[in-house]
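The values are calculated or read from the model by the stated rules, or taken from the named source; none is laboratory data. Note that this is a predicted model, so its numbers are computed, not measured. Methodologically, a virtual Cβ is constructed for each residue, glycine included, from the backbone with ideal geometry; neighbour enumeration extends over all protein chains shown.
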Amino acid sequence: MADSNKAVKEYLQIAPYDQLLTHFRYFLNLRSQEGRYHSLILFRLASPLDGAIGSSSNTEDAPIESASKHKTSVHQLYAMESSCPHLGADMSHADIEEYESSAVAVCPWHRYDFDLKTGKSDTGLKACTYNVEVRQDPTDDVDRVWVEVPDEGTNWRLVELRPVSEAFADPPPPLSDVSQLALSESPKDEDVVPADNPPTTLMQWAVLILNTSNPTLKVERTKHAVHQFRTGQLKSIGHRSPNAPRPPDVPPRHDAYRKSTVDPAKAGRRKNRVAMLHALTNIEQWAIDLAWDIMARFGPTHPDLPPAFFSDFTKMALDESKHFSLLTSRMGVLASSTPYGSLPVHAALWSSARSTFPSLRARLAIIHLVHEARGLDVNPATIARFARAGDKDSVAALEIIHADEVTHVTTGHRWFSWICARDGVDPVTTFREEVRQGWSGDVKGPFNVEDREKAGMTRDFYEDLRGEMEWDEWERTMKVAEEDMRKEENTVGSVAVEYEGSKS
Ligand code: FES
Ligand SMILES: [Fe+2]
Ligand SMILES: [Fe+2]
């Protein structure tokens, strides 16, 4: 927690003030040189409070009035840790209640409220809050926002800055925008929330979504579950419950997609843009499942995982759903006669998921720090290819996806570092060992060194690294995954939603 008595407070530059006016809330992820992570929510209040002139008022170099168009407004910026100090709820969707001279953030789970400036609560608990300053840079007269950094750790840097959600856009998005992510394909064949035995924990939602074969419904259920979780309508994670449901060995696929699942070698080269988009869409669909699977599979076996783990991976699941939707929308525009599911797809990603069933550390290493990091390497060339074809809309979609993917590798690095710290082992040597055991062949470059580094993956993690997993073993895992996919052929209508309606 920031100590107000500390003689010299250190601050980190976040962004020009003008760039933080599109939304009322931003998520900030900071990383220290030692590999510590710290997530904060930056709140901007709409109106000044009486007698309180924002966190910027107490420093000489922090003008409370900007020379810009915001001349008359007082900067009402507050930074608070993103996890509730009570039981760790995500505070990004906390209600803000404003009083005459103070404002509180009300936790969505149990409604404890925390003063935005001091972090204090009537309950006696205290949230960590961080001073925010708006400083006018004398070199270019631009107002920039600075946030005090945590005490523990050195050389903090900002590794992620994003609006919390469009729900906090300023001005609010027009209603028509809300449907932007709708898919162009067939409507769902079941309700988003099942009428019978609706999920009551995040674990139950995860398993339901993994067992949802219709991709449209998978996306809608993901959006719904994450919204419920963030807004406190779903208060229980349920990973410590003895009745936590088991995830399926392989997520079922809708008829059309399953039938066209082939050996990756036979999936063909991605010859044209539509085929490329189709292949990427397939990966995104698996990526949605992978985000839910890591929570459902490893949550119950790791009761010490804190709520922040689930906040990060639900955010990933939501991102992957958005990616899936963006890509299917582009395919709908470019070639409506070639919808998703009409070209061969493969299940290669799931074979890596499968080979890492026994170990969370291996899962984080192989899926998020090898596969997803590889995505960072190849995305720029893919984007360039669409740019050369003059396809600006696809470029825009792929750029959004790429920026999100950097944060997914960051999430992988964050939790890999967390588990290594818990186990008292070195992250770099442990990562290299996991890859040696769980990967086959070289970890291929060329590497996107810059974006990997943003995500915490410095060169010492991946350079000159070769997996020594026997190719036979790899192929065997792949075959099992494919066979499981085909086995589902006659049973798709009867795939049971394997969870019990128990609360934890
Ligand atoms: S009040 Fe926030 S988790 Fe309970
Ligand atoms: Fe993605
Ligand atoms: Fe991803």
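Computed quantities for the displayed model
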quantity: Residue pairs meeting the criteria (Cβ under 7 Å; at least 6 apart or on separate chains; first within 23 Å of Pro339 (Cβ to Cβ), in region 161-186; second at pLDDT 55 or above and of a type in the set (Phe, Trp, Tyr)); calculated: Glu185/Tyr340
quantity: Filtered residue count, region 317-339, keeping only those that are assigned to a helix (DSSP H, G or I) and away from ligand 2 (no atom under 16 Å from the Cβ); calculated: 3
quantity: Residues being surrounded by 18 or more Cβ atoms within 10 Å (Cβ to Cβ) and either within 16 Å of ligand 1 (Cβ to nearest atom) or not aliphatic (A, V, I, L, M) (or both) - total across region 388-397; calculated: 2
quantity: Some residue of region 70-83 being touching a Cys at 6+ places or on another chain (Cβ under 8 Å), outside any loop (DSSP other than H, G, I, E, B) and either farther than 18 Å from Trp156 by Cβ or modelled with pLDDT of 85 or more (or both); calculated: yes
quantity: Filter result (among the polar types (S, T, N, Q) and in contact (Cβ under 8 Å) with a residue 60 or more places away in the chain) within region 294-351; calculated: Ser311, Thr314, Ser321, Ser325, Thr328, Ser329, Ser336, Thr338, Ser342, Ser351
quantity: Counted residues, region 186-212 - those being surrounded by 21 or more Cβ atoms within 10 Å (Cβ to Cβ) and either among the hydroxyl-bearing types (Ser, Thr, Tyr) or modelled with pLDDT under 95 (or both); calculated: 2
quantity: Flag for Ile400 being in the same structural domain as Thr458 (by TED's automatic domain parsing), surrounded by fewer than 20 Cβ atoms within 10 Å (Cβ to Cβ) and within 13 Å of ligand 2 (Cβ to nearest atom); calculated: yes
quantity: Conditions (1) within 20 Å of the chain's Cα centre (by Cα); (2) modelled with pLDDT of 95 or more; number of the one not met by Ala353; calculated: (2)
quantity: Residues (farther than 23 Å from Tyr17 by Cα, surrounded by 19 or more Cβ atoms within 10 Å (Cβ to Cβ) and among the aromatic types (Phe, Trp, Tyr)) located in region 94-142; calculated: Trp109, Tyr112, Phe114
quantity: Whichever residue in region 313-329 is touching a Phe, Trp or Tyr at 6+ places or on another chain (Cβ under 9 Å) and closer than 13 Å to Leu398 by Cα and, among such residues, is nearest to ligand 3 (Cβ to nearest atom); calculated: Glu320
quantity: Among the candidates Ile383, Ile366, Ile400, residue that is farther than 23 Å from Val219 by Cα and under 20 Å from the mean Cα position of the chain (by Cα); calculated: Ile366
quantity: Residue that is nearest to ligand 2 (Cβ to nearest atom) [pool: residues in region 98-111 that are touching an Asp or Glu at 6+ places or on another chain (Cβ under 7 Å) and either on the phi > 0 side of the Ramachandran plot or free of Cβ contacts under 8 Å to residues at least 24 places away in the same chain (or both)]; calculated: Val106
quantity: Qualifying position, being in contact (Cβ under 8 Å) with a residue 24 or more places away in the chain, assigned to a helix (DSSP H, G or I) and crowded, with 23+ Cβ neighbours inside 10 Å, among Arg354, Arg374, Arg414, Arg385; calculated: Arg414
quantity: Conditions (1) surrounded by fewer than 24 Cβ atoms within 10 Å (Cβ to Cβ); (2) closer than 22 Å to Val219 by Cβ; (3) touching a helix residue (DSSP H, G or I) at 6+ places or on another chain (Cβ under 7 Å): number failed by Gly332; calculated: (3)
quantity: Qualifying residue in region 269-286 (condition: among the small types (Gly, Ala, Ser) and either under 27 Å from Ser92 (Cα atoms) or crowded, with 22+ Cβ neighbours inside 10 Å (or both)); calculated: no
